[in-house]
1. FRET efficiency for residue 411 and residue 343, Cβ-Cβ distance as r, R0 = 41 Å, nearest 0.05?
2. Compute the distance from the alpha-carbon center of segment 214-262 to that of segment 325-367, in whole Å.
3. With 16 Å as the cut-off, how large is the P(r) tail for segment 320-436, expressed as percent of Cα-Cα pairs?
4. Let me check against my output: what whole-number percent is the relative contact order of segment 219-369, with C-alpha pairs under 8 Å and at least 6 apart?
5. If I model a spin label as a point 7 Å beyond the Cα along the Cα-Cβ vector, how far apart are those points for residue 320 and residue 231 in nm?
6. Shape call for segment 266-329 from the C-alpha gyration tensor, a ≥ b ≥ c root eigenvalues: rounded (a/c under 1.5), prolate (a/b greater than b/c) or oblate?
7. In nm, what is the difference between 0.36 nm times the number of residues separating residue 327 and residue 120 and their Cα-Cα distance?
8. Rounded to the nearest 0.05, what FRET efficiency do residue 83 and residue 277 have when you use their Cβ-Cβ distance and R0 = 25 Å?
């Protein structure tokens with residue numbers, strides 16, 4: 001077995017902010033020989049410029065059908081502070097084989113620009129190099145010794161936790177704040193070889209190379225300004241939807257080149273409108289690719305957008321009837337109408353202008369919400385169960401204090417007992433929680449409630465004697481019906497509705513599965529007493545409800 005040191009090369013690296021082009025004339029490359037004596041190679045690091053459009057571009061077609069216009073901006077930037085770090089903070093250079101196994105690497109701390117470094121690498125064909133400036137606040141922990149993929153005992157680079165809170169706090173207008181931003185360069189296919197002139201080079205598999213190695217900012221930057229001038233409506237809410245929760249140094253793309261996986265964590269950001277009509281933030285890359293169906297900006301709709309695409313929701317409320325709303329959707333990312341990708345090291349700046357008359361029925365990017373109570377036109381009584389199944393757009397009603405056993409309706413004595421204790425019985429019902437269509441992304445499957453306190457468009461309760469449930473709480477079987485109606489047009493998910501007493505205590509809850517699945521109409525599953533079910537939760541009696 002050869003000595004390990006014979007397979008290593010010391011490579012001093014010239015680090016500079018402005019990359020200098022490599023010499024145009026280079027000696028031919030000698031095939032890799034592990035016994036060749038060490039030689040030196042000179043490289044030059046720099047920072048890649050922010051990617052921007054070369055000119056302003058309209059992302060919305062100005063026609064009468066358009067309810068709003070979205071303009072992608074590229075304004076001249078006047079900076080009082082540096083746009084990139086003044087040094088390479090916590091620089092690390094790492095080498096992996098083709099399969100992502102760690103081979104060599106080192107941490108160099110804070111490196112002044114122009115400093116020469118001795119870098120130890122293995123001579124190797126088709127290997128990977130990862131260069132990371134981790135920032136001056138350790139948003140990224142050290143990578144030395146870690147494989148790209150996870151092992152049984154150690155997280156790999158691809159799944160390492162990155163402190164997004166440090167990145168989110170970076171204010172580009174504050175001097176030196178950008179020094180906390182991580183920058184990364186991942187070279188997936190390189191050869192570490194030596195030339196006939198005795199100098200080592202880092203070469204692409206095709207034989208070309210360039211000593212300018214440009215690190216890219218880990219985050220994308222989003223800026224949006226809006227102006228809402230629609231008569232009869234007031235803008236009440238702005239949401240940034242389907243945003244990846246975590247940053248990734250080395251993303252794992254699927255066969256179509258998209259990442260992150262829609263099974264990863266996404267979240268929604270509620271924008272504070274009290275700070276004015278503009279918003280800026282750092283966001284992780286969300287590369288979703290292109291959709292040919294979105295051949296104009298009027299076609300940048302949910303139906304045409306790739307699943308998991310990030311978008312802005314603008315919600316306006318009718319000034320005379322707060323239950324009526326206009327929900328505008330603005331997909332972000334890309335330079336063309338068909339492109340939905342958010343890339344790192346890229347600035348995305350938008351100006352959104354809303355100006356239309358009446359309900360924009362011809363613009364599919366806008367949803368008009370005019371909810372009706374869940375109890376209205378909902379004559380679909382079903383046997384009471386702990387769990388219900390309903391198709392998208394379906395509705396049902398049930399007696400909360402009843403349950404079925406051997407074909408006989410019985411009183412839920414457990415719930416009845418709780419209703420007769422302090423709190424005085426059921427006085428209201430609400431939506432407790434719900435999922436989106438694909439976990440963290442997509443539409444809420446139960447629907448959008450009227451307000452924080454008014455959920456009657458999704459779940460409502462009515463006494464059978466016509467009296468108000470708030471003044472006459474429900475305490476026994478046969479006194480009321482709970483009505484539920486779920487949103488149409490979703491692909492399915494689940495939610496929970498709950499009954500409350502006058503002290504806001506939850507007395508009972510019911511799980512609602514929104515799905516087109518059709519189970520068998522018969523079965524031989526034992527239905528236990530309600531108290532036993534609540535304690536053990538081994539089984540649930542499930543009722544199928546057809547959408548109506």
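1. Details: r = 60 Å, r/R0 = 1.48.
After rounding to 0.05, the efficiency reads 0.10.
2. Measuring centre to centre over Cα atoms gives 12 Å.
3. Summing the P(r) tail past 16 Å for segment 320-436 gives 79 percent.
4. 34 percent
5. Inter-label distance under the simple model: 1.2 nm.
6. Note, shape of segment 266-329 comes out oblate.
7. Values: separation 207, 0.36 × 207 = 74.52 nm, distance 5.65 nm.
Full-extension gain reported as 68.9 nm.
8. 0.50
The numbers here are math on the coordinates, done by the rules we state, and not lab data. Since we're looking at a predicted model, the values are computed, not measured. All Cβ positions, even for glycine, are placed from backbone atoms using ideal geometry, and neighbour counts span all protein chains on display.
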